[in-house]
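The values are calculated or read from the model by the stated rules, or taken from the named source; none is laboratory data. No experiment lies behind these values; they were computed from the predicted model shown. Cβ: placed from backbone, ideal geometry, glycine included. Neighbour counts: every protein chain shown.
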Amino acid sequence: MKMLGFFGLVVAVSVATNLTTSYVSHKSENPENQENQLPANYAKFSHVANAMETDFTVAAELSIHAVVHVTTKTPMKVQQMDGFSNDPFFEYFFGTPKRNQQKDAPMQEASGSGVIISNDGYIVTNNHVVDGSTAIEVTLNDKRTFKAKVIGTDPNTDIALIKIDATNLPVIIFGNSDSLKVGQWVLAVGNPFNLTSTVTAGIVSAKARDINIINSQMKIESFIQTDAAVNPGNSGGALVNTRGELVGINTAIASQTGSYVGYSFAIPVSIVQKVVADLRKYSVVQRAILGVKLKIITNDLQKEKKLKTLEGAYVDEVVEESAAKKAGVKEGDIINNVNGIEVKSVSELQEQIARYRPGDKVTIGIIRDNKDLKLNVELKNQRGSTGIVSILNSDDVLGGTYKELSDKTKQQLDLDYGIEVKSISKGKLADQGIKPGFIILKINNQPVRSASDIQAAYDAVINNGEQEKVLLIAGLYPNGKITYFAINVAD
């Protein structure tokens, strides 16, 4: 079977068509005014690059010093061999028996790459490079090393922003990923197999690829596909054009072995800029939501629905009280334009909407009954408002979706309230081993009747000012067995 994976982590391809669109201003979201941070030799080399499209020495010289080696340490999970190990509720109140505690948990070391985007030490990398790590070290191209701290992460795009305490650092300037053409030369700069400062060349093989590799409810996948050779350790490294401008962050490879065999994938800088700007300003990405579930338009769907085109994103469902619903979007519409930019696929629509924030107003083009229409939409956040989100949504942290209990389930289990876990993605619920079908009854001794009650409990814990931020969850599975979980949401 063909495999797709983050560098160093190979996972099987699966099909996912249940998409909730979310999306930012194309320009002006640069984390810094980079005009004041151009490499000293940029002006000298840029005109040469324009005249010599296949001369890679210019791009290499302009980018290699701003790509860093990132090494991390992550505690390995140790299986507890004790009767209390399956009772988080007991452990929270009484502690784990000392005979099972280890003074020093074994650490797992990993490495990747990063790109310096400001001369005062801000570095962009992949979320999967730093996820779960307790120590991060950055080595510059001149061999200096620094401890790094995480400023913010976005699992939905696999972007992370870290910082080191340094000044006068070399930077890569942002290019324009929108202007990339299939067949255009690009360079991948990174640290494969701990071989620092490695440069490989290839061409843009495709754009707006959705390879279903990000495990997140609100994932955004619109990758640049290239045939530049990349391998484990390239994650978080730079994809640059022949002018040495950053056009993407290398993220994944298509492989059956875990090593490079032909294709690699990078996050477009158009997405990176918005995510990084939000992480610097808010510590959390301001995700704009259109509020529709989409389908890829296939030949079969075109014939079934009698559509006049195979291009665009088919609206399979409009979420109640969403921005799309308020604007008049209907099931069966085809969205093919956002603020004058054509979108030919679901991934292209995601990429466009990902450039905006809640409260931004956009004009979308749709096809309805084979007629072209334009609708004005005020985008919302994941909580259904147009305000700025100051903390992560509980869904992002817990990684669950929920549904109301049916009357039949209430009767069978003799329940007056509760909410069922409908699905699980990467997050705290999965870490605790909670499965779909689990019914949450109380959180921190407060009855839970809806998903909003979960959010309220989460907000109360996050904002309580105390160091420990724990959700005590009581619930049961359909077999009626009561189970308790203690989830630290501050980790």
- Note on the structure: For the stretch 220-270, the count of residues that are in contact with a helix residue (DSSP H, G or I) (Cβ under 7 Å, 6 or more places away or on another chain) and aromatic (Phe, Trp, Tyr) equals 0
- Condition check for residue 114: under 26 Å from residue 61 (Cα atoms), in the same structural domain as residue 198 (by TED's automatic domain parsing) and under 17 Å from the mean Cα position of the chain (by Cα): yes
- Among residues of the stretch 61-107 being part of a strand (DSSP E or B) and touching a Gly at 6+ places or on another chain (Cβ under 9 Å), the residue modelled with the lowest pLDDT is 75
- For the stretch 311-410, which helices (runs of 4 or more DSSP H) that fit wholly inside it have 2 or more residues that are closer than 30 Å to residue 428 by Cβ and touching a Gly at 6+ places or on another chain (Cβ under 8 Å)? 323-327, 394-398
- Message: Can you say whether residue 211 is of a type outside the set (S, T, N, Q), on the phi < 0 side of the Ramachandran plot and in contact with a Pro (Cβ under 6 Å, 6 or more places away or on another chain), as far as the supplied structure shows?
- Response: no
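Which is over 29 Å from residue 298 (Cβ atoms) and modelled with pLDDT under 95, of 371, 410?
410
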- Test residue 399 against the stated conditions and say whether it is under 18 Å from the mean Cα position of the chain (by Cα), among the small types (Gly, Ala, Ser) and at pLDDT below 90. yes
- Would you call residue 416 more than 21 Å from the chain's Cα centre (by Cα), loosely packed, with under 15 Cβ neighbours inside 10 Å and part of a loop (DSSP other than H, G, I, E, B)? yes
- Item | Selection from the stretch 147-166 of residues that are modelled with pLDDT under 95 and surrounded by fewer than 19 Cβ atoms within 10 Å (Cβ to Cβ) | 149, 150, 151
